[in-house]
Amino acid sequence: MSATVVRVPGSKSIMARALFLAAAADGETTLRHPLRSDDTEAFADGLRALGVDVVSSADEAWVVTGHPDGPPVASAVAYTRDAGTASRFLPALAAAGHGEYAFDASAQMRRRPMDPLIGALRALGVEVREEGEPGRLPFTVVGRGLKGGALTLDASISSQFLTALLLAGPLAADGLAITVTDMVSVPYVEMTLRMMEQFGVGVGRDGDTFLVPSAPYGARDYDIEPDASSASYVLAAAAVTGRTVTVPGLGTDSLQGDVRFADVLRQMGCDVRQDATSTTVTGPASLNGVTVNMRDISDTMPTLAAIAPFATGPVRIEDVYNTRVKECDRLAACEENLRRLGIEVATGRDWIEIRPGTPVGAEIACFADHRIAMSFSITGLRTLGITLDDPRCVRKTFPTFHGMLADLRAEWGMA
């Protein structure tokens, strides 16, 4: 069977880091094959509010003019919508500037934790004025230049706080020494370090301590690779239908840890072929049940949960507590929606176990979470009558998702 080639949009995670690095670099950076989505537009608008010039008139390239000394304006109000990366990265950039920078976001983002970043900035001598619930948005960062120094960070909730500090570290006069406890989503941190090096700054490591030098980032021409989390839906579609799909631009050389979702599908019986720049998955006659630790690839947990009923044995996903503090409580959302589909499921603090079954049609409660919407859309490839209560929420990271899925259905004779 010939492979269906599916091109997925650029990586949200890489795009956010690239925007920060470009904004902090000396000179003009061109970002090619950028992701244009709600989250990346929120990040770009946040940078513009901070005085950074971001030109994104064409899909083919965004151009960012950097400021190595932090935001060039003395005051700003940045509204970061639902974007966790923008909400957590931009305050760290603001701390390197000289002025007062107010941050706020949507009601959904206001519920998500910010206290590890607020505490870390305060430990570095940065004044942070909280204007709402403690440890949450909104707040104001008073930048007087970032001196730097040593601090300890609990990274068990999200790797985004550590990434924010790593990215800002080279802008600090004395650099940063960040000692980390209980780090989650390690591949995202590795991605950050590799991208910092691509922009000219290497980070040392002494046990659990990251040693970030005070050094300038260099502007460059940078290509955004496809989003591995978004690719998980395409690969899962092949897994549950027995078809073959190839995602170009995403292979063993990827910066993204979520490319390892293909390994989970391999354990379930899929034929997986990867080279440096592509991934091809062919679904089997039947999927195997698995027990898998997804701590490091937790954004793909809902994808696996949504196709788990089609396995011949139980699917148990472990060590994913951090998914409870994403756009929604994703463990609870998966549990509720699987029950709506008539599937037997159980959850604990950091795990979910799904029994085999035949899903029935139902409305999926998306909880304004793009990953819930896209994951259970894949369930719909084998289940009639599945609808979404908020199909538009996919715009956060994959605006063309529904069109892509419709094209797959048509090509596979499932329309």
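Considering 210, 261, which residue is within 25 Å of residue 405 (Cα to Cα) and of a type in the set (Phe, Trp, Tyr)?
261
Filter the range 200-218 for residues that are in a loop (DSSP other than H, G, I, E, B), surrounded by fewer than 24 Cβ atoms within 10 Å (Cβ to Cβ) and not β-branched (Val, Ile, Thr) and give the result.
200, 202, 207, 208, 213, 214, 215, 216
Cβ-Cβ under 7 Å, sequence separation 6+ or interchain: first residue in the range 288-311 and closer than 17 Å to residue 324 by Cβ, partner surrounded by fewer than 24 Cβ atoms within 10 Å (Cβ to Cβ) and acidic (Asp, Glu). Which pairs?
293/318; 293/319; 294/319; 295/319
Cβ-Cβ distance below 8 Å, separation of 6 or more or different chains: which pairs start in the range 1-24 with a residue that is open to solvent by 10 Å² or more (accessible area, probe 1.4 Å) and end on one that is of a type in the set (Gly, Ala, Ser) and not in a helix (DSSP H, G or I)?
Note: pairs meeting the criteria are 7/249; 9/37; 12/37.
Can you confirm whether the range 170-193 contains a residue that is under 27 Å from residue 274 (Cβ atoms), open to solvent by 50 Å² or more (accessible area, probe 1.4 Å), of a type in the set (S, T, N, Q) and not in a strand (DSSP E or B)?
No, the range 170-193 contains no residue that is under 27 Å from residue 274 (Cβ atoms), open to solvent by 50 Å² or more (accessible area, probe 1.4 Å), of a type in the set (S, T, N, Q) and not in a strand (DSSP E or B).
Residues checked against (1) modelled with pLDDT of 95 or more; (2) of a type in the set (Val, Ile, Thr); (3) open to solvent by 20 Å² or more (accessible area, probe 1.4 Å); (4) within 30 Å of residue 246 (Cα to Cα):
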residue	(1), (2), (3), (4)
27	yes, no, yes, no
68	yes, no, yes, no
83	yes, no, no, yes
91	yes, no, no, no
114	yes, no, no, no
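State which residue pairs qualify: first residue on the phi > 0 side of the Ramachandran plot and inside the range 165-184, second residue of a type in the set (Val, Ile, Thr) in any location, beta carbons under 6 Å apart, and separation of 6 or more residues or different chains.
Taking only residues 6 or more apart or on different chains, the pairs are 175/212.
Residues that are of a type in the set (Ser, Thr, Tyr) and under 22 Å from residue 229 (Cα atoms): find the helices (runs of 4 or more DSSP H) completely inside the range 292-382 holding 2 or more of those.
Fully inside the range 292-382 and qualifying: 370-379.
Please list, ordered by first then second residue, the pairs with beta carbon atoms under 8 Å, 6 or more apart or interchain, first in the range 368-388 and on the phi > 0 side of the Ramachandran plot, second part of a loop (DSSP other than H, G, I, E, B).
Note: pairs meeting the criteria are 368/82; 368/327; 368/328; 368/390; 385/360; 385/361; 385/362.
Under the condition of being farther than 24 Å from residue 382 by Cβ and in a helix (DSSP H, G or I), which residue from the range 225-262 is nearest to the chain's Cα centre (by Cα)?
Looking at the filtered set, the residue picked out is 257.
Based on what the data block shows, is residue 367 aromatic (Phe, Trp, Tyr) and open to solvent by less than 50 Å² (accessible area, probe 1.4 Å)?
No.
Considering only the range 125-147, I want to know if a residue exists there that is open to solvent by 10 Å² or more (accessible area, probe 1.4 Å), on the phi > 0 side of the Ramachandran plot, in contact with a Gly (Cβ under 6 Å, 6 or more places away or on another chain) and not hydrophobic (A, V, I, L, M, F, W, C).
There is no residue in the range 125-147 that is open to solvent by 10 Å² or more (accessible area, probe 1.4 Å), on the phi > 0 side of the Ramachandran plot, in contact with a Gly (Cβ under 6 Å, 6 or more places away or on another chain) and not hydrophobic (A, V, I, L, M, F, W, C).
Looking at the range 66-102, which of its residues are touching a residue at least 40 places away in the same chain (Cβ under 8 Å), among the hydrophobic types (A, V, I, L, M, F, W, C) and touching a helix residue (DSSP H, G or I) at 6+ places or on another chain (Cβ under 7 Å)?
Passing the criteria: 83, 86, 89, 90, 92, 93, 95, 96.
Let's see how each residue does on (1) surrounded by fewer than 18 Cβ atoms within 10 Å (Cβ to Cβ); (2) among the acidic types (Asp, Glu); (3) in contact (Cβ under 8 Å) with a residue 60 or more places away in the chain; (4) more than 30 Å from residue 171 (Cα to Cα):
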site	(1), (2), (3), (4)
220	yes, no, yes, no
230	no, no, yes, yes
235	no, no, no, yes
242	yes, no, no, yes
246	no, no, yes, yes
261	no, no, no, yes
274	no, no, no, yes
277	yes, no, no, yes
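The values are calculated or read from the model by the stated rules, or taken from the named source; none is laboratory data. All values derive from a computational prediction rather than experimental measurement. We place every Cβ from the backbone using ideal geometry, glycine too, and count neighbours over all the protein chains shown. Side chains are part of the model used for accessible areas, which takes the heavy atoms of the whole protein and leaves out ligands, DNA and RNA. Shrake-Rupley method; radii C 1.70, N 1.55, O 1.52, S 1.80 Å.
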